[in-house]
Amino acid sequence: MIDLHCHILPGIDDGPEDLASSLQLARHAVASGIRVSVVTPHMHSGRYENQASNIRSAAQQFQRTLDAEGIALQILCAAEVRLDHEILSWVADGHVPFLGEWQGERVMLLEFPHSHVPVGADKLVEWLLKQGIRPMIAHPERNKDIMRSIDKLLPFIRLGCLLQLTAGAGAGAFGEGARARAVDLLGKGWVTVLASDAHNLEARPPELEPGRIAAAAIVGEDESWNLVRHRPATIAGLAAR
């Protein structure tokens with residue numbers, strides 16, 4: 001399986017603080033059936049000042065360490081980009097590492113604030129689309145506005161945004177509200193991929209299989225594998241595995 005969204009690099013955001021913890025997460029990912037992890041550190045102005053250059057350097061160093069430790073996990077890198085007006089300059093300056101491509105467009109993992117969908121977010125999405133960038137909205141099922149009303153998501157669906165559902169949410173790991181919204185999104189066929197959004201072993205581990213099994217009960221076995229294999233592989237430019 002391929003995990004398109006996780007925070008397992010050491011000391012770069014709110015994921016693991018040290019290398020030992022990162023290695024534990026990597027071993028757990030492999031034991032859980034994950035063979036490729038796209039690390040997605042936060043790009044969040046004023047909080048996590050990451051950009052393509054330091055993310056790529058950290059990912060390359062982590063891959064060398066994994067290889068030396070004999071941990072069979074392939075690391076690719078992107079970023080989880082918080083919705084912000086600074087995205088315009090980040091894109092113009094080449095600071096955003098993308099998840100890959102979808103139908104000829106670059107794919108950006110775009111995060112809304114957890115509390116709400118900001119006014120004007122659709123306008124920023126329209127601007128990104130004009131730049132040949134297809135937003136993939138991170139964990140919409142956990143956004144408070146979208147949990148209250150799925151209609152908050154409709155403008156972004158109509159614009160053609162991709163959706164990344166947190167695997168654990170569908171399995172109930174983030175509470176009943178997030179689980180119910182995850183079920184709704186899967187039932188509507190709006191979900192592009194499942195990803196772990198892993199941060200730690202305790203509450204947010206790097207696991208996809210529990211979420212895939214939960215999704216299979218809604219979308220069927222074949223589509224559940226598309227969510228964790230075929231589509232992530234297509235976006236990341238990998239052969240499906």
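The values are calculated or read from the model by the stated rules, or taken from the named source; none is laboratory data. Predicted model, so just to flag it, every value in this text is computed and none were measured. Cβ atoms come from the backbone with ideal geometry, glycine included; neighbour counts cover every protein chain shown. The accessibility values were calculated without ligands, DNA or RNA, using every heavy atom of the protein model including side chains. Shrake-Rupley method; radii C 1.70, N 1.55, O 1.52, S 1.80 Å.
Of the residues that sit in the stretch 182-202 and are in a helix (DSSP H, G or I) and open to solvent by less than 30 Å² (accessible area, probe 1.4 Å), which one is nearest to L9 (Cα to Cα)? Working first, answer last.
So in the stretch 182-202, the residues in a helix (DSSP H, G or I) come out as 182-187.
Now restrict to residues that are open to solvent by less than 30 Å² (accessible area, probe 1.4 Å): 182, 185-186.
Working: A182: 27, L185: 29, L186: 29 Å.
Among those that are in a helix (DSSP H, G or I) and open to solvent by less than 30 Å² (accessible area, probe 1.4 Å), it is A182.
With the structure loaded, tell me whether G100 is closer than 26 Å to G160 by Cα and either among the aromatic types (F, W, Y) or open to solvent by 40 Å² or more (accessible area, probe 1.4 Å) (or both) or whether it fails that test. Don't jump to the end; show me each part of the working.
Working: closer than 26 Å to G160 by Cα: yes; either among the aromatic types (F, W, Y) or open to solvent by 40 Å² or more (accessible area, probe 1.4 Å) (or both): no.
It is false that G100 is closer than 26 Å to G160 by Cα and either among the aromatic types (F, W, Y) or open to solvent by 40 Å² or more (accessible area, probe 1.4 Å) (or both).
Can you tell me which residue is least open to solvent (accessible area, probe 1.4 Å) among those in the stretch 6-30 that are among the β-branched types (V, I, T) and closer than 21 Å to E111 by Cβ? I'd like the intermediate steps shown before the answer.
Step one: of the stretch 6-30, the residues among the β-branched types (V, I, T) are 8, 12, 30.
If we keep only those that are closer than 21 Å to E111 by Cβ as well, we get 8, 12.
Values: I8: 2, I12: 27 Å².
Only one residue tops the list, namely I8.
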Consider A214 carefully, then state whether it is touching a strand residue (DSSP E or B) at 6+ places or on another chain (Cβ under 7 Å), farther than 23 Å from Q103 by Cβ and either of a type in the set (G, A, S) or buried (at least 19 other Cβ atoms within 10 Å of the Cβ) (or both). no
Which is closer than 25 Å to G15 by Cα and touching a residue at least 60 places away in the same chain (Cβ under 8 Å), of P210, P205? P205
Regarding the stretch 150-168, can at least one residue be identified that is farther than 13 Å from V125 by Cα, among the aliphatic types (A, V, I, L, M), outside any helix (DSSP H, G or I) and open to solvent by 50 Å² or more (accessible area, probe 1.4 Å)? no
Please go through the stretch 86-122 and give me each residue that is in contact (Cβ under 8 Å) with a residue 40 or more places away in the chain, assigned to a loop (DSSP other than H, G, I, E, B), touching a strand residue (DSSP E or B) at 6+ places or on another chain (Cβ under 7 Å) and within 29 Å of I150 (Cβ to Cβ), ordered by number. V96, L99
Where the second residue is part of a loop (DSSP other than H, G, I, E, B) and open to solvent by less than 90 Å² (accessible area, probe 1.4 Å) and the first is under 16 Å from H28 (Cα atoms) and lies in the stretch 50-73, which pairs have Cβ atoms under 6 Å and are six or more apart or on separate chains? F62/L9; L66/L73
Of the residues in the stretch 74-97 that are open to solvent by 10 Å² or more (accessible area, probe 1.4 Å) and among the charged types (D, E, K, R), the one that is nearest to A26 (Cα to Cα) is R82
Just to be sure I understand the filter: pairs with C-beta atoms under 9 Å, separated by 6 or more residues or on different chains, first member in the stretch 11-24 and in a loop (DSSP other than H, G, I, E, B) and at pLDDT 95 or above, second member aromatic (F, W, Y) and surrounded by 14 or more Cβ atoms within 10 Å (Cβ to Cβ). Which pairs pass? I12/Y48; D13/Y48; D14/Y48
